[in-house]
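Read-outs throughout are calculated quantities, based only on the coordinates presented, and are distinct from any laboratory measurement. Predicted, not measured: the structure shown is a model, and the values here were computed from it. Reconstructed Cβ throughout: ideal geometry from the backbone, glycine too, with neighbour counts over all protein chains shown.
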Amino acid sequence: MSVVRQEIDERAGGVTTRAVVIAFVLLTVLSVAAFYESLLWRVDWSFTSSVPAVAQFNVLVLLAAAMALPVFARRGLTRRELLTIYSILLVSAPIVSLGILYWMLPKSIVVYYLARANPAWETTLLPHIPVWFAPSDPAAVEGFFIGRASVPWLLWVTPMAAWLSFAVALFIATSCLLSLLQRQWIQHERLSYPMAQIPLETIVHDGSSAGGRGRLAANKALWIGAGISFALTFLSALSVRIPSVPEVPLTPLIIARQNVGPLAGLGAFEPYLFPWLFALAYLIPKELSFSCWFFWLVRLGLTVAAIAAGHEPQDPEEWFGDPSFPAPYFQGTGALLALGIWGLWTARKHLGRVLRVVL
């Protein structure tokens, strides 16, 4: 029976009306949850603000498990529909998180709000900002930051259309770049994509799971681990809102920050013991994991050396925008450029073949 179901799923398309509707309903729920968690409750802006970016896998697991319920036994979602839902959430959920949307909207309009305290901006800065950049009406600007006002949707139509066109163009350009390089990465370099195996294992059947559940969704150990992870994270976040709830120390302070001397370059040592971070570290290749912590230690060593050489003591995070040695953010930019150039060089033969086909 499972084999027949798999053959039917293979022939059926995944982009169905119900799959798209479910994806956008889940995206709306994630958007509201991210708003309350990140902006109103301010539980943790460093990691849990990316809840939408990591929640789509949990949603997919729950959907795959729901297919085993009797009510969905005959009308359950197909594997391709589940992948469609996952793909929509994978692309859209990070956009509505704190890292993108909640930064982009205030950044576009804040210049008109701050201009009230800087009258010189009226002649030096504001005339150079395009009219489509953001609403400039004083009432709309004040209402955006002060609140207690209705949203002037008509004033936001042009700015949102302009920024949406940029987002669409960026998405298309990125998709085209991935299409050009996917053969090089998958077939020639044989890169592994462990993060992609999780949703596939969630929906792929092995013929032994009843009710159409995938191998991973039918695994009891997965649900035990997910329950423990949820309980620890939930209690840690709840203790911030309700002090009477015992706190789960997921960010314990091991070494306090030193204010003087070269050891100030180490900063405070507070390991982030979030379960989902351990899960991500387990999935990524060992070489990448090694690079993360090794170069983090190199950065701390350079910071300590700079302070020992006479630089003002400060945390590694306070070096942002400072071009003096060790200039970690400038080094990071250079590393990204070097990796990009190296990636293009290793793919030169493949890109040459692509260019010949195009011409």
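A few points about this structure:
- Cβ-Cβ FRET estimate between L155 and I186, R0 fixed at 30 Å, reported to 0.05: 0.05
- The local environment of Q314, defined by Cβ-Cβ distances under 12 Å, has a net charge of -4 under the rule Lys, Arg +1 and Asp, Glu -1.
- Segment 127-167 versus segment 263-289: alpha-carbon centroid distance in Å: 39
- The distance between label points at Q331 and S136 comes to 4.4 nm (points 7 Å beyond Cα on the Cα→Cβ vector).
- Förster radius 22 Å - calculated FRET efficiency between A162 and S87 (Cβ-Cβ, nearest 0.05): 0.25
- Contour excess over end-to-end distance, with Cα ends at V21 and D322 and 0.36 nm allotted per residue: 103.6 nm
- Compactness relative to 2.2 N^0.38 Å, alpha carbon Rg of segment 295-359: 1.72
- Subtracting the Cα-Cα distance of I146 and Q197 from their residue separation scaled by 0.36 nm leaves 13.8 nm.
- Extended-chain gain in nm, criterion 0.36 nm per residue less alpha-carbon gap, I224 and Y272: 15.1 nm
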